[in-house]
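In what follows, a structure is listed as structure tokens, so that the remarks can point back to it.
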Ligand SMILES: Nc1ncnc2c1ncn2[C@@H]1O[C@H](COP(=O)(O)OP(=O)(O)OP(=O)(O)O)[C@@H](O)[C@H]1O
């Protein structure tokens, strides 16, 4: 029986966190079952982790709790009463709030303004003095302290994520749902944010349901974990009793052997990418890249480490034709190169940019069409450059979906409906399946991906390198740079400030250079 939302919101939120229970929840999209009969319980004052491969159904499940999706089947129980949650407003009523992977704060406003904005009952005319006093009182009692007067543009990533959580505490949310909350934070920031949340949970003031791919965070901060596999419940248990191997086995089904592609020796002196004294500006006209020189040989992975915002994005954009350099020269295979679509094709340059859904896909077009974006006007997918052969496009797509294990209901599904990991695989399949590749440019290729997908994509990159492809890898993840690169560079304030082979890399020096010292 479903009980109407008649209990007063303040009554609910002034008490201990309620118990949240999902009973046999399913969610279908057309004929595709994204969540299949999943049950889980978040006991009051506990920290519950939700784990699963990309596409396992984690986001869909929490969107059902938040009322973004209507579950096709099943019950959501709050304090053992079945409740209808048809919108985030209903979720708010029951004291449930969500913090997303990406920030939703308004950059042009201050911390105080962002907090006020979040309230569903913000008055049309704000008595600032009164509201400000209340905000100061709230901030004094909150676990995170941020200066109310600071504009958002002056906050570091960790502070922004704290503000996202503060917004929910300000709304007096008692159950916080977090969707990969630490993916944009440094490990130190992540530990600080999760540590403070853990204290709130231990004090009985909050319950947390957190989607995460990071075993370390789950074992350090969560009490319980529920694992999903291909939309189905795959197991649950106390994090004290489950080992990382147990959790990985639940997540992947039959235990998978970690397959690491070994690097083979590639003897080549052929310089594929040659960048000379390159300069480029940011969107705001200030200089982002200040005189970069860089060469990459065939069969070499060159990793560029650095804190984001130091010109890496602009460099990748210049090399993939999305930004015009202000001066300097780029040569590919010895020829001057401006990264037009034609040049990229003739020089066999491919790229996996950051945020591929935004930068390398057309979200409302199908997986098949997105897979064909590079080749649709050439045989065998087109005749005479104009007549598109849709059967050939679909057949090629079906084959790539199989070879690259893209989880999609069909080749006709819009790519924007796929999970993050599968969008990444789609772009990688398109970019790596070309018969000949000379240069591959990849930026943060495994951001937000589960460990099986990380391993898969890393192996694909190493395999490409072993075939003689020159690879430019730009990543904020130092472990990724150290694992994959043959040569390591550090970028700071638009310049390359450190270089070594990976065998001779000095971690302390890299850290200092990344920090701008
Ligand atoms: N609106 C939608 N329409 C159709 N299919 C969808 C929609 N949203 C999600 N799906 C599909 O449901 C499945 C589960 O997706 P979901 O985003 O819940 O996975 P996830 O476990 O959160 O993955 P990730 O870790 O990559 O974020 C995926 O196969 C996805 O393609």
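The values are calculated or read from the model by the stated rules, or taken from the named source; none is laboratory data. Owing to the predicted nature of the structure, the values given are computational and were not obtained by experimental measurement. Cβ coordinates were reconstructed from backbone atoms using ideal geometry, including for glycine residues, and neighbour counts include every protein chain displayed.
Does residue 190 meet the test of being in a helix (DSSP H, G or I), more than 16 Å from the ligand (Cβ to nearest atom) and out of contact with any helix residue (DSSP H, G or I) (no Cβ under 8 Å at 6 or more places or on another chain)?
no
If you take the residues in region 31-47 that are more than 26 Å from the chain's Cα centre (by Cα) and not in a strand (DSSP E or B), which one is surrounded by the fewest Cβ atoms within 10 Å (Cβ to Cβ)?
31
Counting only residues that are at pLDDT 95 or above and crowded, with 19+ Cβ neighbours inside 10 Å, give me the helices (runs of 4 or more DSSP H) lying completely in region 53-127 with at least 2 of them.
Working: elements: 58-65, 88-93, 111-118.
Qualifying helices (runs of 4 or more DSSP H): 58-65.
Determine, yes or no, whether residue 477 is within 30 Å of residue 425 (Cβ to Cβ) and surrounded by fewer than 19 Cβ atoms within 10 Å (Cβ to Cβ).
So residue 477 fits the description; yes.
So which of 131, 164, 113 is out of contact with any helix residue (DSSP H, G or I) (no Cβ under 7 Å at 6 or more places or on another chain) and more than 30 Å from residue 48 (Cβ to Cβ)?
On inspection, the qualifying residue turns out to be 113.
Which condition does residue 505 not pass, out of (1) within 25 Å of residue 327 (Cβ to Cβ); (2) in contact with a helix residue (DSSP H, G or I) (Cβ under 7 Å, 6 or more places away or on another chain); (3) surrounded by fewer than 22 Cβ atoms within 10 Å (Cβ to Cβ), if it passes all the others?
Of the numbered conditions (1) within 25 Å of residue 327 (Cβ to Cβ); (2) in contact with a helix residue (DSSP H, G or I) (Cβ under 7 Å, 6 or more places away or on another chain); (3) surrounded by fewer than 22 Cβ atoms within 10 Å (Cβ to Cβ), the odd one out for residue 505 is (1).
Does residue 95 satisfy the condition of being within 16 Å of the ligand (Cβ to nearest atom) and assigned by TED's automatic domain parsing to the domain that holds residue 209?
It is false that residue 95 is within 16 Å of the ligand (Cβ to nearest atom) and assigned by TED's automatic domain parsing to the domain that holds residue 209.
Only residues that are outside any helix (DSSP H, G or I) and within 16 Å of the ligand (Cβ to nearest atom): list them for region 199-218, please. Explain how you work it out, then say what you get.
First pass over region 199-218, keeping only residues outside any helix (DSSP H, G or I): 203-214.
Of everything in region 199-218, those that are outside any helix (DSSP H, G or I) and within 16 Å of the ligand (Cβ to nearest atom) turn out to be 209, 210, 211, 212, 213, 214.
Within region 24-42, identify whether any single residue is within 16 Å of the ligand (Cβ to nearest atom), modelled with pLDDT of 95 or more and under 24 Å from residue 240 (Cβ atoms), and answer yes or no.
Yes, some residue in region 24-42 is within 16 Å of the ligand (Cβ to nearest atom), modelled with pLDDT of 95 or more and under 24 Å from residue 240 (Cβ atoms).
Can you tell me which residue within region 317-333, out of those that are in a loop (DSSP other than H, G, I, E, B) and crowded, with 19+ Cβ neighbours inside 10 Å, is farthest from the chain's Cα centre (by Cα)?
Ranking the qualifying residues of region 317-333, first place goes to 325.
When you scan region 157-179, how many residues do you find that are assigned to a strand (DSSP E or B) and either under 17 Å from the mean Cα position of the chain (by Cα) or at pLDDT below 85 (or both)?
3
Being farther than 30 Å from residue 154 by Cβ and more than 16 Å from the ligand (Cβ to nearest atom) narrows it down to one of 72, 46, so name that one.
Answer to the check: 46.
Could you list all residues from region 219-234 that are crowded, with 23+ Cβ neighbours inside 10 Å and either under 19 Å from the mean Cα position of the chain (by Cα) or within 13 Å of the ligand (Cβ to nearest atom) (or both)?
Residues satisfying the conditions are 226, 227, 228, 231.
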